[in-house]
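Step one of this worksheet: look at the structure below.
The values are calculated or read from the model by the stated rules, or taken from the named source; none is laboratory data. Remember, it's a predicted structure, so these values are computed and weren't measured experimentally. Positions of Cβ are backbone-derived with ideal geometry, glycine not excepted, and every protein chain shown enters the neighbour counts.
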Amino acid sequence: LKLGVLGSGSGSNMQAILDAIDSGELHAEIVLVLSDNPEGYILERARKAGIVAEVIDCGGYKTKFPEEKQAAVAAQLKEAGVELVCLAGFMRLVKQPMLDVFPERILNIHPSLLPAYPGLMAWKQAVDDGAQESGCTVHYVDAGMDTGPIIKQAKVPVLADDTADSLHQRIQVEEHKLYPEVVAAIGQKLRQ
Ligand code: GRF
């Protein structure tokens, strides 16, 4: 199963997928890593692992992912033979034409139990809201923000003395197990 990973930040989820591949739990290969943030540590992690890692230049737009850029990225992913696209901390909304090129083949991981707390800093939303429980969700990507069909979730408790950071750390531990597990399951399904 050839994977393409899109991120913007530290890339710890990309790393978790890589580690699962290395340990033989996940039969896949990451063939391309793209980051819209040239400073994203995800690029360095990928290059250290010998994976082609490139910057998506969004032409100075802070949050927009221009349509022609999405077309170019989709073409680049196809060209690399990518069968499944994993968004891992990618901070721009993926829409057409990427969704057309990879129908039901784009996944995202989100740090809450969707549909609760979509959008930015979901862990902070949970703490501010006084939630007793949160977690993470892997879902298919559709044109909305964190709205696509849910594949699997993992729960964590929110503790009385949690800060946004401490909750995010607890959620990330679960993310790093959940994401490789879901990718492996989808890989199996696609092979059938
Ligand atoms: C994760 O918490 C993920 O759920 C969210 O962004 C964060 C990315 O972390 N979408 P990393 O770059 O994988 O370390």
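Annotations
- Qualifying residue in the range 65-86 (condition: of a type outside the set (Lys, Arg), within 21 Å of Gly187 (Cβ to Cβ) and within 15 Å of the ligand (Cβ to nearest atom)): yes
- All conditions in (1) under 27 Å from Pro149 (Cα atoms); (2) surrounded by fewer than 18 Cβ atoms within 10 Å (Cβ to Cβ) hold for Tyr41, with the sole exception of (1).
- Test set (1) within 15 Å of the ligand (Cβ to nearest atom); (2) among the small types (Gly, Ala, Ser); (3) part of a loop (DSSP other than H, G, I, E, B) - Ala16 fails condition number: (3)
- Pick from the range 24-57, criterion in a strand (DSSP E or B) and among the small types (Gly, Ala, Ser), ranking: nearest to Cys86 (Cα to Cα): Ser35
- Cβ-Cβ distances below 9 Å connect the following pairs, each with a first residue in the range 120-131 that is closer than 16 Å to Glu175 by Cα, a second residue that is among the acidic types (Asp, Glu) and in a helix (DSSP H, G or I), and a separation of six or more residues or different chains: Trp123/Asp165.
- In this structure, Leu26 does satisfy being farther than 24 Å from Thr147 by Cβ, within 17 Å of the chain's Cα centre (by Cα) and of a type outside the set (Lys, Arg).
- Filter result for Ala72 (in a helix (DSSP H, G or I) and either without any contact (Cβ under 8 Å) to a residue 12 or more places away in the chain or charged (D, E, K, R) (or both)): yes
- Leading residue by the ranking (surrounded by the fewest Cβ atoms within 10 Å (Cβ to Cβ)) among those in the range 136-186 that are in a strand (DSSP E or B) and in contact with a helix residue (DSSP H, G or I) (Cβ under 6 Å, 6 or more places away or on another chain): Lys152
- Scan of the range 105-149 for residues that are at pLDDT below 95 and away from the ligand (no atom under 14 Å from the Cβ), ordered by number: Ala143, Gly144
- For the range 88-99, the condition of being away from the ligand (no atom under 14 Å from the Cβ), of a type in the set (Gly, Ala, Ser) and surrounded by 14 or more Cβ atoms within 10 Å (Cβ to Cβ) holds for none of the residues.
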